[in-house]
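The values are calculated or read from the model by the stated rules, or taken from the named source; none is laboratory data. This one's a predicted model, so the numbers in the text were calculated from it and none came from an experiment. Ideal geometry is used to build each Cβ from the backbone, glycine not excepted, and the neighbour counts take in all protein chains shown.
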C-alpha cells in the first residue's frame, strides 16, 4: 500500500477573496455602530455564544470541568462523574483556533490524534486504543465509521472545528451506553445551536470570520447565520472554507503534500413543540480535495464527500420523574474517489504479478452508517436511597461498497455489511456520602459479504462505587471512586475479510480470517475528584480529576506476519517475498496508565495542568510479549491565562512535554510552547491571535510511524509536524 502523504488540490479563491473583503468592510462599519449598544457584564464579554445560565454556573476558566456532560445520560458534570471524563466548551475551543480535529484535543489527558500531519482526516486514540471502532466518534449523535485500509490512519472522520461548540471525552468502557465496541472510550462532538448564538433579545444574528496562518499561508473564511422564528423554533447555518499550502516543519523544510482545501457546512433547527420537549434536526457535510504524493510526485487525486443527517428528540417532565426520554436517529454517508494521475507500477491484487496502473484509473470507497439510539431515565426513591435508572437500546448498521481498478486499492477495504446492536440498564444509587452505579449491557453483532458470515453476542457488566467521606472545610469536595467495567468490540469487515496481494513496493498476500473472535475490554479504574470554591479569595474555584486505570483486552486483534515455511501457518508460496499478513487474535493486550486534569480560576486569570502516562503491550497465546504500536506519547501540559480590561483581553500560553513511547523505534522526546491572546474590541468585534510551536521544534507524532515495505529498511514517519505557526483572526458579529 506504500507511503503516501497529501498535496493540496486548489479551488478557485475568487469567492474567498470577496468574502474576506466583505468581512473587513463590515468590521470597519460596525465598530462605531457597536459602541451604541450596551456593554455586557464583566465575565460575559469574551464569549457571546455561551448561554447566560452557564456563565453563572461556573467561572470562565473552570468550564473545562464544570459544564454539562451527558456521561451516564443523566446530566452530570465532568467533575461530578465517577469516571475519567473531560469537557471542552466554546471558550477552550476558541482558544485553540483549531484547523483540524486533532488540534481541538490538544492537552486532553489520555487522548491523542493521528492525522498524518495536516491531513484533514483524523483518527482518535484513547488510552492506546484506536481504529475499527475501539473509540466511538460521534457527531450530533451520528457515529463516524468510515475506514480505508492504508499505512497509518485506518478509521477516520471528517468534521471542521469551526462547526463545533463543545467536545466531550469519556475514557474507558464506562461509556458503553453510547453504543457497542467503545472499549477505549467515546468522543462526542456537538455542533453549534441557534440558542447558543443568538442573544436573548435578538430575532436574528450573523457573524463572519477571516483567519490567516503563516505556515502554509493558509486562509479560513467562515460565515454563520441564525434566525429565531418564534420562542419555540430557531434555525442556524454555517459555511466554512479552508485553503492551505504545504507547511514547513521545525527544521525549515517544506513538507510536500500537506496542503489541502475543504468546504464544510451545517444546517440545524431546534423545535420545541411543548415546554418540556425538543426536536433537533441537523445536517453536517464537507467536500475535501487533495493529492496523494508517492515518491515525491502527485500520484492520486482524492475527492471526498461526507454528509451526516441527524434527528434528536427529548421529552421530560418534572411532574413525571419517570420520564426523560431521548430518541436519536442518524444516517452518515462518506464517499471517497481515488483517481491515479500518472501511470504507476503496481502489483495485481489477484496474481501478484507486476502491472502498470494507467492514469485515470479509479477506486471508490462508499460507506454508509445508519443508527438509532433510544434511552430513558427514571428518577425515584426507595427509603433514603435516590435512584436514577437509565435503560435503552441502540443499533448501528454499516454498508461498505468498494470497487474500481486502481491497482487494487479498494481490494483491501472489502465490501460487506455489519450490524451491531445492544441494550442496557444502569442504576445510579445515591445515599448521603455513598454513590453506587451498577449496569449491564447486552451486545450482538453480525457481518457478512458474498462468501462469509459471522456473528456473536455477550453481556458486559459495570460496577462503580464512589464515596465522599469528609464534611470538614476544605475536604467536603473530595470524592474517591473505583470502577470495574467491561466492553465488547466485534471484528470489523476489514479485519475479517481483507484479502489479495500487497499492491506496491513489494508484494505478499493478505489472508482473510472469518474466525476472528471479538475483543473484550476489562478495565479497572481508581479515581479522585476534588472541587472547592472560595479558596484564596471570594469567587475562585479549583477543580481536579485524577485516575489510574488498568485495561486487559482479551482476544486483542492486530495484524501479524506469517511465514510459508512454518507448517500450519496457512501462508502459501507465491509471487513476491515469502511472507503473509493476517489479522489474528492475541491472548490479550495489557494497558495501564495515569491521568490528571485540573484547573484553578480566580477571575483575574486561570491556571491548568493535565498529564497522562500510558504503557501497553500485547501477549500472544504462546506468552510472547511485544510493545503495542498504538501507545501515544506521555504528556504533561500546563496552561496559564490572564484577563485584563474587564475581561475583554485574555492572554496566556501553554507548555507541553511529550515523552516518547516505550518501544517506538524512532520517536523522540519534545516540548512545545504556544501563546494566545483574545481581545473583544467591541460587543461585535473579536480579534484572536495564536502562536503554535514558538521555538520551531522539529517533531513528529509517534503514532505516524510507517513501516517500510522493504523488511531490511527502517521505519519512517509519515511526515513531520508544522514548525512555528502564527494565526490571526477577526470575527464580526451583528444582529437585531
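The set of residues from segment 635-659 being crowded, with 18+ Cβ neighbours inside 10 Å and in a strand (DSSP E or B) comprises 635, 636, 637, 639, 641, 643, 650, 652, 654, 656, 658. The number of residues in segment 251-306 that are without any contact (Cβ under 8 Å) to a residue 24 or more places away in the chain and either surrounded by 22 or more Cβ atoms within 10 Å (Cβ to Cβ) or in a strand (DSSP E or B) (or both) comes to 2. Can residue 697 be described as in contact with a strand residue (DSSP E or B) (Cβ under 7 Å, 6 or more places away or on another chain), under 30 Å from residue 601 (Cβ atoms), in a loop (DSSP other than H, G, I, E, B) and modelled with pLDDT of 95 or more? It is true that residue 697 is in contact with a strand residue (DSSP E or B) (Cβ under 7 Å, 6 or more places away or on another chain), under 30 Å from residue 601 (Cβ atoms), in a loop (DSSP other than H, G, I, E, B) and modelled with pLDDT of 95 or more. Could you grab me the full set of residues in segment 497-511 that are at negative phi and either at pLDDT 90 or above or in a strand (DSSP E or B) (or both)? 501, 509, 510, 511, listed by residue number.
Select, from 92, 80, the only residue that is within 25 Å of residue 242 (Cβ to Cβ) and either touching a residue at least 12 places away in the same chain (Cβ under 8 Å) or within 14 Å of the chain's Cα centre (by Cα) (or both). Talk me through it step by step, then tell me what you get.
Numbers: 80 fails: within 25 Å of residue 242 (Cβ to Cβ).
Of 92, 80, the one residue that is within 25 Å of residue 242 (Cβ to Cβ) and either touching a residue at least 12 places away in the same chain (Cβ under 8 Å) or within 14 Å of the chain's Cα centre (by Cα) (or both) is 92.
Listed by first and then second residue, the pairs linking a residue in segment 525-548 that is without any contact (Cβ under 8 Å) to a residue 40 or more places away in the chain and at positive phi to a residue that is surrounded by fewer than 20 Cβ atoms within 10 Å (Cβ to Cβ) and not in a strand (DSSP E or B), with Cβ atoms under 8 Å apart and 6 or more places separating them unless they lie on different chains, are 534/540.
Of all the listed residues (622, 662), the sole one being outside any strand (DSSP E or B) and free of Cβ contacts under 8 Å to residues at least 12 places away in the same chain is 622. The condition (being within 22 Å of residue 447 (Cβ to Cβ), within 24 Å of the chain's Cα centre (by Cα) and not in a loop (DSSP other than H, G, I, E, B)) is satisfied by just one residue among 521, 527: 521.
Flag: residue 630 does not match the condition of being on the phi < 0 side of the Ramachandran plot, in a strand (DSSP E or B) and either touching a strand residue (DSSP E or B) at 6+ places or on another chain (Cβ under 9 Å) or modelled with pLDDT of 90 or more (or both). Being under 30 Å from residue 185 (Cβ atoms), touching a strand residue (DSSP E or B) at 6+ places or on another chain (Cβ under 6 Å) and surrounded by fewer than 20 Cβ atoms within 10 Å (Cβ to Cβ) is not true of residue 610.
Residues in segment 235-250 that are over 22 Å from the mean Cα position of the chain (by Cα) and either crowded, with 22+ Cβ neighbours inside 10 Å or part of a loop (DSSP other than H, G, I, E, B) (or both): 236, 245, 246, 247, 249, 250.
Note on segment 317-380: enclosed strands (runs of 3 or more DSSP E) holding 1 or more residues that are without any contact (Cβ under 8 Å) to a residue 12 or more places away in the chain, closer than 30 Å to residue 296 by Cα and more than 25 Å from the chain's Cα centre (by Cα) are 354-357.
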